[in-house]
Each structure stands twice: as C-alpha cells, then as structure tokens.
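Trainee: Pasting a structure below so you can have a look.
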Amino acid sequence: QVQLVESGGGLVQAGDSLRLSCVASERTFSSYAMGWFRQTPGKEREFVAAISWSGDNTYYADSVKGRFTISRDNAKNTVYLQMNSLKPEDTAVYYCAASRRTALRSTPAWYDYWGQGTQVIVSS
C-alpha cells in the first residue's frame, strides 16, 4: 500500500507560481508512474500531468502545457508539479496518484493510489 501526501497548495494571485510536492511512503516509489489530477466541486477529476518511473517521459493536459512542469526525485520519493502563470481556472484541489503500470495515461482509473489532495486557489 502506497501512501501519498501532497503539500504546497495555497492562495495566490493570477500570474503567480506554486510548486506542489507529493511524498510517497513506498521504497519502491521509483517503479511507479506518477500523475497529478485536479478537481473542483461538482466536476469530475481532471488529468493535469504524468511522469514515467524514470522521469524520462512526461505527458500534459493541453490546458497546462507550457505552464506546468512535472518532475520527480526518486531518491526523495517525491514528485513535483511546478505551476507557473497561474490562472483563476487553475483553482482546484490537486491530487497526486501512483500507477503500477508503465504507460502514461490521463484516466483516473489507471492509477492505483491517491493522496488526500492540496487546495490551490488563484485569485484574479
């Protein structure tokens, strides 16, 4: 069982930056593909970005491409989401997720473990 704990959320203004972190409890963290999702009330969980176990491959939603960067440090069991040029529509609870599968997918069902989420609010 992998436990994931997100941090780094907060209240920022449009145009600002934030870096989210997600620490995994599992020593085999480096074998998991990792993803970030976000969700607002009344809407389905939305894919943001994913990264392969090695960090060599990444995949982004069109809505964040060029603004967000996903990365990982396997030595620290941590995956990051650097968010730049934030917009009010980026406001959501952000979740990290781990998948035992190697391919990168945007479907929530592809992921096996989830964190509790961290709130990001972007004011205009």
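Trainee: So which residues in the stretch 91-109 are under 18 Å from Val2 (Cα atoms) and either without any contact (Cβ under 8 Å) to a residue 60 or more places away in the chain or among the aliphatic types (A, V, I, L, M) (or both)?
Mentor: Passing the criteria: Ala97, Ala98, Ala109.
Trainee: Of these, Phe68, Phe47, which one is closer than 25 Å to Gln1 by Cα and open to solvent by less than 40 Å² (accessible area, probe 1.4 Å)?
Mentor: When all the criteria are applied, what remains is Phe47.
Trainee: Taking the condition of being part of a loop (DSSP other than H, G, I, E, B), touching a Phe, Trp or Tyr at 6+ places or on another chain (Cβ under 7 Å) and open to solvent by less than 40 Å² (accessible area, probe 1.4 Å), how many residues in the stretch 89-104 meet it?
Mentor: Count: 1.
Trainee: With (1) more than 21 Å from Gln1 (Cα to Cα); (2) open to solvent by 40 Å² or more (accessible area, probe 1.4 Å) as the list, and Met83 as the residue in question, which single condition is left unmet?
Mentor: Among (1) more than 21 Å from Gln1 (Cα to Cα); (2) open to solvent by 40 Å² or more (accessible area, probe 1.4 Å), the lone unmet condition for Met83 is (2).
Trainee: Now for a separate question. For the stretch 1-56, enumerate the residues that are of a type in the set (Ser, Thr, Tyr) and in a strand (DSSP E or B).
Mentor: Ser7, Ser21
Trainee: Going by the structure shown, is Ala33 open to solvent by less than 60 Å² (accessible area, probe 1.4 Å), at pLDDT 95 or above, among the small types (Gly, Ala, Ser) and within 13 Å of Tyr113 (Cβ to Cβ)?
Mentor: yes
Trainee: Give me the pairs: first residue in the stretch 70-88 and at pLDDT 95 or above and part of a helix (DSSP H, G or I), second residue loosely packed, with under 15 Cβ neighbours inside 10 Å and among the β-branched types (Val, Ile, Thr), beta-carbon distance under 8 Å, and six or more apart or on different chains, which are they?
Mentor: none
Trainee: Looking at the stretch 6-27, is at least one residue open to solvent by less than 50 Å² (accessible area, probe 1.4 Å), in contact with an Asp or Glu (Cβ under 6 Å, 6 or more places away or on another chain) and of a type outside the set (A, V, I, L, M)?
Mentor: Yes, the stretch 6-27 has at least one match.
Trainee: Quick check on this structure: which one of Thr28, Thr40 is within 15 Å of Pro108 (Cβ to Cβ) and polar (S, T, N, Q)?
Mentor: The conditions single out Thr40.
Trainee: Right, another one. Test Val64 against the criterion of being over 18 Å from Gly115 (Cβ atoms), in a strand (DSSP E or B), at pLDDT 95 or above and not small (Gly, Ala, Ser), and give yes or no.
Mentor: For Val64, the condition - over 18 Å from Gly115 (Cβ atoms), in a strand (DSSP E or B), at pLDDT 95 or above and not small (Gly, Ala, Ser) - is not met.
The values are calculated or read from the model by the stated rules, or taken from the named source; none is laboratory data. Note that the coordinates shown come from a computational prediction; the quantities given were computed from them, not determined experimentally. Every residue, glycine as well, gets a Cβ built from its backbone with ideal geometry; the counts of neighbours run over all protein chains shown. What goes into the accessible areas is simple: the full protein's heavy atoms, side chains included, and nothing from ligands, DNA or RNA. Shrake-Rupley method; radii C 1.70, N 1.55, O 1.52, S 1.80 Å.
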